[in-house]
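The values are calculated or read from the model by the stated rules, or taken from the named source; none is laboratory data. Just so we're clear, the structure is a prediction, and the values are computed from it rather than from any experiment. As a convention, Cβ positions derive from the backbone with ideal geometry for all residues, glycine included, and neighbour counts pool all protein chains shown.
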Amino acid sequence: MKKNILITGSTDGIGLLAAKQLAKQGHQVIIHGRNPDKLTQVKQQMDNNLAVKVTAFSADLSDLTQVENLAEKIEQKGIKLDVLVNNAGIFRTDKPLTNEGLDVRFVVNTLAPYWLSKKLCKKMAKKGRIINLSSAAQAPWDKGAMLGHTRLTDNQAYAQSKLAIAAWTYHLAHQPLYQDIDWISLNPASLLGSKMVKEAYGVNGKDLSIGANIIVKLATDATLAAQNGRYFDNDIGQFSYPHDFALHEANNQMLIEILEHLAQRLLPEQTRQAV
C-alpha cells in the first residue's frame, strides 16, 4: 500500500536517502528543508530522476511559528499523511541560541517535532505512524537548560535533546488522545557519515544507507504497530530501551510541562488553543 510520507530535514544525509528510497517504491514523499534554494534544487533533482513527483515545504524549525505554518500548509494542501518522520536535527552550530535565548538543539531536536506531531497527528490517516529520530547519545534533560537559563556544551545539549524526544514519544503513545497513532523513536545508528558527524567528530563515519534503510523499514512495515511507543536501537538492530530517565512517568510529565510552557512563550494564544 502506497503512503504519504513527510520527512523533515530531507535535503541531505539519511533524510534525503530515505526520501529517495521511499519515492522509488512509489510512495508520495514530502520533503522539507530550512533553505528554500537548496530545497528547490533537491526537489528538481528528485523529480528529474524518479517516476513519482515529490512535494516540498520549507521551514526553519528553530522558529516555532514556522513549524506552525508548516503544519498549516500541509493541511491546506489536503495532504493526509500516513507517516511523519521527524528527522531534522542540529548538533553544532555557530548560533547555538535562538532569538528568544533558548538552546537551538532543544528547539529543533525536541520542541519542534513535538509541536509538529501534535498539529499533524489529528489529521493523519487511521493508524498513521510518527517516527522520531533520537540517538545513542542520551542524557537526562536539565530543566534550566531547556528553559534557556543554563548553558550547555554541544554534546550535552544534543544528548539531552535526543533523550527528550524519545521520552515524549513514549509518553504520547500512552495517552488516549493519541492512541490512533503508532509512535516510534529511533537511533538510526551511531556515527553515520552525515555532515553533522563530520563537523562534530572529524570522521567520515559509517555508510549513510544504514540509517536510511531503517527509516524506510519503520515507515513501511505494517507489523510494527505492536511496538507503539518503543525505541528502536539500530546499533543492535532491534527494539530496546532508551536511558532509564525517559521511562519514568514523573520525568516525562515534567518534560511535557516544559514543552507546553515553551509553546506558550513562543506562539500566539489562539494558535496554542487550537492544539
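Among the residues of the range 85-134, those identified as assigned to a loop (DSSP other than H, G, I, E, B), out of contact with any Asp or Glu (no Cβ under 7 Å at 6 or more places or on another chain), surrounded by fewer than 24 Cβ atoms within 10 Å (Cβ to Cβ) and of a type outside the set (A, V, I, L, M) are 93, 94, 95, 98, 99, 100, 101, 122.
Among the residues of the range 13-56, those identified as of a type outside the set (Gly, Ala, Ser), within 17 Å of residue 3 (Cβ to Cβ) and not in a helix (DSSP H, G or I) are 25, 27, 28, 29, 30, 31, 32, 50, 52, 53, 54, 55.
Taken over the range 21-40, the criterion of being farther than 17 Å from residue 133 by Cβ and either among the aliphatic types (A, V, I, L, M) or in contact (Cβ under 8 Å) with a residue 24 or more places away in the chain (or both) is satisfied by 23, 24, 25, 26, 27, 28, 35, 38, 39.
This table checks each residue for (1) at pLDDT below 95; (2) surrounded by fewer than 17 Cβ atoms within 10 Å (Cβ to Cβ); (3) not hydrophobic (A, V, I, L, M, F, W, C).
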{"site": "192", "(1), (2), (3)": "yes, no, no"}
{"site": "195", "(1), (2), (3)": "yes, yes, yes"}
{"site": "239", "(1), (2), (3)": "no, yes, no"}
{"site": "255", "(1), (2), (3)": "no, no, no"}
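Which one of these is among the basic types (Lys, Arg) and more than 24 Å from residue 144 (Cα to Cα): 95, 24? Of the residues listed, the single one that is among the basic types (Lys, Arg) and more than 24 Å from residue 144 (Cα to Cα) is 24.
Checking 24, 53 one by one, the residue that is surrounded by fewer than 16 Cβ atoms within 10 Å (Cβ to Cβ) and in contact with a helix residue (DSSP H, G or I) (Cβ under 6 Å, 6 or more places away or on another chain) is 53 and no other.
Evaluating residue 159 against the criteria (1) surrounded by fewer than 22 Cβ atoms within 10 Å (Cβ to Cβ); (2) under 18 Å from the mean Cα position of the chain (by Cα); (3) more than 28 Å from residue 81 (Cβ to Cβ) leaves one unmet condition, (1).
Selection over the range 57-84 of residues that are outside any helix (DSSP H, G or I) and at pLDDT 95 or above gives a count of 11.
Out of 61, 70, which single residue is closer than 23 Å to residue 188 by Cα, in contact with a helix residue (DSSP H, G or I) (Cβ under 9 Å, 6 or more places away or on another chain) and not β-branched (Val, Ile, Thr)?
On the way: 70 fails: closer than 23 Å to residue 188 by Cα.
When all the criteria are applied, what remains is 61.
Condition test on residue 34, is it surrounded by fewer than 22 Cβ atoms within 10 Å (Cβ to Cβ) and out of contact with any helix residue (DSSP H, G or I) (no Cβ under 8 Å at 6 or more places or on another chain)? Here the answer is yes, as residue 34 does meet what is asked. I'd like to know if the range 115-127 contains one or more residues that are closer than 20 Å to residue 156 by Cα, modelled with pLDDT of 95 or more and polar (S, T, N, Q). Looking through the range 115-127, none of the residues is closer than 20 Å to residue 156 by Cα, modelled with pLDDT of 95 or more and polar (S, T, N, Q). Filtering 111, 102, 84 for residues that are in contact with a helix residue (DSSP H, G or I) (Cβ under 8 Å, 6 or more places away or on another chain), among the hydrophobic types (A, V, I, L, M, F, W, C) and over 28 Å from residue 225 (Cβ atoms) leaves a single hit, 102.
Examine the range 81-92 for a residue that is more than 21 Å from residue 252 (Cα to Cα) and charged (D, E, K, R), and state whether such a residue exists. Yes. The condition of being under 23 Å from residue 217 (Cβ atoms) and over 18 Å from the mean Cα position of the chain (by Cα) holds for only one of 29, 52, 83, that being 52.
Taken together, the residues in the range 145-190 that are farther than 21 Å from residue 94 by Cα and aliphatic (A, V, I, L, M) amount to 12.
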